[in-house]
Amino acid sequence: MNETPKLDNVSFPGGYDITDIIVAVKLAEMLYAGNMPTGEVEQVIVQRFLGELTARHPGIAISDPVQLRAQELLDERRSLLNSHLKFSWFCLAHWVYVLVTVRSSLSLSEHVDLSTFLTPVRGALLELGVRVSEEECLAEVDRFVPAAVTPRSSLVFSTTPPCAGAKS
Amino acid sequence: VTPAIALPSVCLVFAEEDSEEARRVSTFLTTHGVSISQQPAEVMQTARLLVLLSPHAMKSELFWRSLADWKERQVVPMVVCLMPKAELYRDPPADWRHETWVWLKVNVAVELSAETDRYVTLLRALDPQDPKQWWWNAGDAVELGLAVDVLGVGIPRPATLRKASSPTGEPYPFALDESLLSACGVASDRLTPDDTSGRDAPYLALCEILLQLRRKPNGEPYKLPWFILIYRAWLSFAAQLPGFAYSEQDVIQAERELRQALFALGVGTDASEVPAFLEAFANLPWTASPSTLAAVDERTIAFMVLVHHLTQAALARTQRMRLRHPSCPCFVSYARPDEGFARELVANLEAKGADVWWDLNSITLGTPLGGSLRSAVGDARFLLLVATPAADKSPYVRLEVETAIRQGLRVVPISLDGQVPAGLQSLLDSAPDTIEPIISAIDSERASAPTSVLARLERSPSEQLRWLQSQAPYQYLRKQLAQARASLA
């Protein structure tokens with residue numbers, strides 16, 4: 001991710017970078033569900049991302065990698081040759097994941113004011129052309145909330161969720 | 001496939017001739033946990049009624065009687081076409097079945113393809129408005145462990161959702177509004193520069209403000225490229241005005257900025273393409289010579305309209321467009337056995353920027369074919385006729401060609417074997433003035449056929465100008481700019 005941005009000559013408006021999306025989700029999982037990436041590929045992607053981020057900002061103790069990456073993506077908008085939606089997709093992936101974990105009672109931050117998470121989600125959606133109210137946004141996110149903690153989701157959330165079974 | 005999946009029960013209605021297909025559908029759904037019922041009496045509460053619609057079913061009285069029985073049960077029907085979807089509307093029932101037909105056609109139609117994933121399509125379509133369908137396609141949901149209910153019945157859908165998904169009417173993302181016309185004012189001010197600050201100083205200052213807006217979340221990402229584009233395009237059309245001065249450095253800078261601005265708006269260009277295009281654009285048959293402010297304004301606004309059209313096309317196709325005038329819209333007439341060739345032709349033409357109408361990209365459920373066809377043929381300027389023996393036998397192709405000839409469209413026959421079948425030829429002979437020379441798409445020439453077709457669809461310079469001036473924003477923006485100029489004067 002730290003290379004000079006390659007010119008995207010085909011897709012438009014572009015900005016959907018799958019590596020950034022994975023990083024955004026995995027960082028959300030680490031920060032808000034307390035899980036470290038379990039898959040080999042995930043670990044490599046996250047470690048590489050953090051290593052590259054540190055290399056790009058030498059001498060700075062990186063306390064909030066999400067904030068720093070978001071700032072980098074905002075700075076990339078200086079060039080007309082970069083899609084301005086890269087930032088939007090990154091934020092959407094990260095904050096929607098956070099919202100789903102909160103609404104699933106799997107988040108470490110479930111008592112934080114929901115608007116903290118809703119605001120960036122709505123902002124990213126707006127930039128992508130979707131206008132929703134807080135209620136509509138929350139209602140839509142709730143549709144993704146697992147009805148119960150299943151063997152599959154237990155595997156994904158490998159540590160014991162704070163409220164395991166609370167939704168069943 | 002996904003954890004904790006909740007599945008609805010489904011009822012199936014079909015004609016006797018389609019019982020084999022119904023058996024396969026049932027087997028597939030049953031193995032995916034969907035319970036099937038075939039009698040209205042068996043169903044206490046159900047969300048889905050799969051209706052297998054085929055040419056046999058359309059003619060079967062028993063089938064329609066059965067449907068009428070289901071209709072009383074307040075079930076939600078879902079039409080599954082065992083024939084091309086477009087053919088649903090070719091011969092809609094007009095007798096006592098009409099009421100049931102109206103009830104059926106307002107619901108989703110799934111066209112079962114011949115591909116191996118045809119039943120997966122059916123399963124997905126059981127709830128097409130469920131956003132988890134997208135997750136399913138992307139394969140992300142399973143990895144994240146979040147998709148629990150692909151069919152969407154386990155989690156209640158919020159009542160407000162449907163309303164929220166309707167268009168808001170806000171322009172996105174290209175707001176081409178009159179505020180951008182200030183770039184024309186800034187550009188014309190450059191002709192009488194303030195020597196203390198430099199010719200481009202006001203422009204650069206405004207660019208900086210717009211750049212800050214672009215960098216902000218929820219800012220105005222496209223105002224900056226529009227502003228740059230309008231400013232530089234205006235100056236390129238103003239070369240004959242007194243006071244115009246561009247150094248060699250300015251020329252290089254202008255070209256770079258124009259290319260970048262166009263790129264940000266979804267228009268890709270090659271090196272040196274933009275100056276050549278602007279020069280050709282300035283040489284369209286304008287009524288006024290480019291020696292007045294009004295004439296330069298007129299050219300700039302026409303150019304804005306063209307770029308706006310290209311950006312919209314880029315967004316619709318999610319692909320960058322080339323900097324070129326759009327070709328004439330056309331309608332493709334073909335018989336179902338030639339669909340493969342038609343598909344390839346349309347893809348090639350669209351990739352080159354042509355505006356193509358054909359049934360597979362345009363007919364939606366609930367739109368009567370006759371109306372769609374009339375509207376499409378009415379909007380088109382050309383009819384591309386895939387003239388094969390199958391087309392010769394198709395009454396629908398004949399109808400389309402007759403409609404096109406009656407409405408004055410140019411007909412371009414495309415032959416796959418070097419000749420036009422006798423029946424179609426006699427039809428074309430009835431209106432020789434509207435028929436273009438045949439384009440051969442025999443095997444050795446198939447690759448070049450789209451280029452030959454596109455050459456026919458291109459507009460002449462005077463037609464290009466007329467088209468630009470006929471676009472809705474053109475007159476509005478001209479008027480706004482003229483008023484702004486007058487108030488400043």
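The values are calculated or read from the model by the stated rules, or taken from the named source; none is laboratory data. Bear in mind that the values here come from a model prediction, so they are computed numbers and not experimental data. Reconstructed Cβ throughout: ideal geometry from the backbone, glycine too, with neighbour counts over all protein chains shown. Heavy atoms of the whole protein, side chains included, go into the accessibility calculation; ligands, DNA and RNA do not. Shrake-Rupley method; radii C 1.70, N 1.55, O 1.52, S 1.80 Å.
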Separation in nanometres of the label points that stand 7 Å from Cα toward Cβ, at A:VAL112 and A:ASP142
2.1
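If you take each beta carbon of peptide A:80-86 and count the beta carbons of other chains within 10 angstrom, what is the mean?
Averaged over the peptide's residues, the number is 5.
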What order, most packed first, do the peptides B:284-294, B:334-344, B:198-208 have when packing is the mean number of other Cβ atoms within 10 Å of each residue?
B:334-344, B:198-208, B:284-294
How much accessible surface does B:LEU265 have with a 1.4 Å probe, in Å² rounded to 10?
0
10 Å Cβ neighbours from other chains, averaged over peptide B:247-253:
0
Could you work out how far apart the two model spin labels at B:GLU458 and B:GLN240 are, taking each label as a point 7 Å from the Cα in the direction of the beta carbon, and quote it in nm?
2.5
How many square angstrom of accessible surface are buried between B and A, both sides summed, with a 1.4 Å probe and rounding to 100?
3900
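What FRET efficiency comes out for the pair B:LEU62/B:GLU178, r = Cβ-Cβ distance, R0 = 56 Å, nearest 0.05?
Values: r = 63 Å, r/R0 = 1.13.
Between B:LEU62 and B:GLU178 the formula returns 0.35.
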Percent carbon-and-sulfur accessible area, the range B:196-279, ignoring ligands, DNA and RNA, probe 1.4 Å:
57
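What is the local net charge at B:LEU180, summed over the other residues whose Cβ is closer than 11 Å to its Cβ (Lys, Arg +1; Asp, Glu -1)? Could the numbers behind the result be given before it?
Working: positive: B:LYS223; negative: B:ASP177, B:GLU178, B:GLU220.
Net local charge, B:LEU180 excluded: -2.
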Here, B:ASN218 and B:GLU445, labelled 7 Å along Cα→Cβ, have an inter-label distance in nm of 5.9
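If I take R0 = 22 Å and measure r between the Cβ atoms of B:ARG256 and B:ASN283 in this structure, what FRET efficiency does the formula 1/(1 + (r/R0)^6) give, to the nearest 0.05? Walk me through the intermediate numbers first.
Details: r = 23 Å, r/R0 = 1.06.
Step by step, r from the Cβ atoms, then E = 0.40.
Calculate what fraction, in whole %, of the accessible area of the range A:49-151 sits on carbon and sulfur atoms when a 1.4 Å probe is rolled over the protein chains. Working shown, then result.
On the way: 2540 of 4240 Å².
Looking at the range A:49-151 in its full context, I get 60 percent from C and S.
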If you count only protein heavy atoms with a 1.4 Å probe, what accessible area per residue comes out for the range A:76-128, rounded to a whole Å²?
35
Could you work out the mean count of beta carbons from other protein chains within 10 Å of each residue's beta carbon in A:123-130?
3
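A:THR54 to B:GLU17: FRET efficiency via 1/(1 + (r/R0)^6), r the Cβ-Cβ distance, R0 60 Å, to the nearest 0.05? If you can, show how the numbers build up before the last one.
On the way: r = 68 Å, r/R0 = 1.14.
In this case the efficiency is close to 0.30.
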